[in-house]
Amino acid sequence: MLPMTTHILILCTHNSARSVLAEAMCNHWASKLGRDIQAHSAGSAPGGRINLFAIEVLTHAGIATNTLRSKSWDEFSADGAPPLSIVITVCDSAAAEACPVFFGANDGQPVKVHWGYPDPSNAEGGEAGKRRAFELTRQALGYRMLQLLALPLETMDRASLQAALVGIGRS
């Protein structure tokens, strides 16, 4: 069973696009649905800034961006870090990296899952192509976050949660 506030960490290498989109979408929908869930994002090699296309598509969708920042995953393995229930990697390079130890709320380790997405920053077609790729990535991540938020997280055991998250990743 998960604690009262469920903390989710979404990882990507530079923490400038996919992980930030997922964090913003999860927090937006959690607030709208009245769920006590807080998403965070981080990177193994943070770029220090949020991609302007990510800010643009989030703003266009009416999603707040004022609290978003590019940060290291080290913040979430340090003393005082929120107790993580779920860690999601959203890019292949972050999934292949050796993650630091993250501390979970219950038995010491959060449930981990990989939901891979191509980097919209590498989309072809100039600015228009990148905008489209960022918007499609935002929509796809938003859809998965809605599926996650529909889960009865407060009553799920680790195995059920892991299976549900893997299932969402296949959808």
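Observations on the model:
- Residue within segment 64-77 that is part of a strand (DSSP E or B) and either modelled with pLDDT under 95 or within 14 Å of the chain's Cα centre (by Cα) (or both) present: yes
- Positions within segment 93-128 being hydroxyl-bearing (Ser, Thr, Tyr) and at pLDDT 90 or above, in sequence order: TYR117, SER121
- Output for segment 1-29, where each listed residue is surrounded by fewer than 22 Cβ atoms within 10 Å (Cβ to Cβ) and either more than 13 Å from the chain's Cα centre (by Cα) or basic (Lys, Arg) (or both): MET1, PRO3, MET4, THR5
- Residue in segment 134-151 that is modelled with pLDDT of 95 or more and not in a helix (DSSP H, G or I) present: yes
- In segment 19-46, the residues that are of a type in the set (Asp, Glu) reach residues that are in a helix (DSSP H, G or I) with C-beta atoms within less than 9 angstrom, at least six apart or across chains, in these pairs: ASP36/ALA30; ASP36/GLU154.
- Filtered residue count, segment 152-171, keeping only those that are part of a helix (DSSP H, G or I), out of contact with any Asp or Glu (no Cβ under 8 Å at 6 or more places or on another chain) and surrounded by fewer than 18 Cβ atoms within 10 Å (Cβ to Cβ): 10
- Identity of the residue in segment 34-87, among the acidic types (Asp, Glu) and more than 23 Å from VAL113 (Cβ to Cβ), that ends up surrounded by the most Cβ atoms within 10 Å (Cβ to Cβ): GLU56
The values are calculated or read from the model by the stated rules, or taken from the named source; none is laboratory data. Worth saying up front: this structure is predicted, and the values here are computed from it rather than measured. Note: ideal-geometry Cβ built from the backbone for every residue, glycine included; neighbour counts use all protein chains shown.
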